[in-house]
Amino acid sequence: RKEVEQDPGPFNVPEGATVAFNCTYSNSASQSFFWYRQDCRKEPKLLMSVYSSGNEDGRFTAQLNRASQYISLLIRDSKLSDSATYLCVVNEDNYGQNFVFGPGTRLSVLP
Amino acid sequence: ETGVTQSPTHLIKTRGQQVTLRCSSQSGHNTVSWYQQALGQGPQFIFQYYREEENGRGNFPPRFSGLQFPNYSSELNVNALELDDSALYLCASSPRPTSGVTKNIQYFGAGTRLSVL
């Protein structure tokens, strides 16, 4: 079993749609969780950290369920500029070692 | 911009050769991590350096080695290149968290795209 798994994608959605990405992780000792976005042939960029209580940043909402070892990202009112690959990232300790990335889920927002 | 710079941006090598990739970390960051990203996959952790010492390593063979310098910049060296080493190599820097800080966000450079022929 892979350490971090994500929806295989790709997701093709119309502008304005709501889309949800799911991620599961295998190491119950994982401490920190993030969503990164990666545009084609570019570096990953932090989208948002994921907190136990859930958190929202504009159109983006992240949820964490430690008991189920599950993370989600919800994008509301999708924009063309949201088209990218979304990477679920799990950090197994608080000291920076071993960021574990999922394979990513590609999103295409269509006009 | 993250302030993390990598060089070169692109590189073409042949099997068996050696390569050195370079990374300058963001100002104030003393930890550098290296990742390999094959096409269509997520980045895979190679190793991390903190204060010039290796501070964790992923599942990569010893021919992948690194250095960190007193100014916190870093090098990734790969010996005896293989075709499967063709990938985007990403460097990420982060501040070493102090007590009470629970998040250690990593900021990525634009990467070096290595092609092994």
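Only one residue of B:PRO70, B:THR20, A:ASN55 has its Cα farthest out toward the positive end of the dipole of the protein assembly as shown, where Lys and Arg carry +1 and Asp and Glu -1 on Cβ, and that residue is B:THR20.
Note on chain B: GNM, Cα springs under 10 Å; of B:ASN77, B:ASN55, B:ASN104, the largest mean-square fluctuation is that of B:ASN104. The loop-placed trypsin sites (Lys or Arg not before Pro) in segment B:5-61, going by DSSP, that have at most 12 neighbouring Cβ atoms within 10 Å of their Cβ come out as B:ARG15, B:ARG51.
Comparing mean-square fluctuations of A:ARG37, A:ARG59, A:ARG76 from a GNM of chain A with C-alpha springs under 10 Å, the top value falls on A:ARG59. Cβ-to-Cβ counts within 10 Å put A:SER52, A:SER32 in ascending order as A:SER52, A:SER32, the fewest first. Taking every alpha-carbon pair under 8 Å whose residues sit at least 6 apart, chain B reaches a relative contact order of 36 percent. Only aspartates and glutamates eight or more places from B:LYS13 in sequence, or on another chain, were considered; those with a Cα closer than 13 Å are B:GLU82, B:ASP84, B:ASP85.
Isolated cysteines in chain A, defined as those with no second cysteine Cβ under 4.7 Å, comprise A:CYS40. When you filter the GluC sites (Glu not before Pro) in segment B:1-81 for DSSP loop state and at most 15 other Cβ atoms inside 10 Å of their Cβ, you are left with B:GLU1, B:GLU52. What percentage of all Cα-Cα pairs in chain B are separated by more than 16 Å? Summing the P(r) tail past 16 Å for chain B gives 57 percent. B:PRO62 sits among other residues whose Cβ lies under 15 Å from its own Cβ, and their net charge, with Lys and Arg +1 and Asp and Glu -1, is -1.
For chain A, the relative contact order comes to 37 percent (Cα pairs under 8 Å, sequence separation of at least 6).
For segment A:36-94, the fraction of C-alpha pairs farther apart than 18 angstrom is 37 percent.
Under 11 Å from the Cβ of B:PHE45, count the other residues' Cβ atoms, weight Lys and Arg +1, Asp and Glu -1, and hand me the total. Net charge in that neighbourhood comes out at -1.
Computed over chain A with a Gaussian network model linking Cα atoms closer than 10 Å, the most mobile of A:CYS88, A:CYS40, A:CYS23 is A:CYS40. Rounded to 0.05, the FRET efficiency of the A:GLN69 and B:ASN71 pair, given R0 = 30 Å and the Cβ-Cβ distance, is 0.15. The magnitude of the dipole of chain B, with charges of +1 and -1 set on the Cβ of Lys/Arg and Asp/Glu and taken from the Cα centre, is near 60 debye.
Throughout, read-outs are computed from the coordinates displayed, never taken from laboratory work. This is a predicted model, so every value here is computed, not measured. Backbone-built Cβ (ideal geometry, glycine too); neighbour counts: all protein chains shown.
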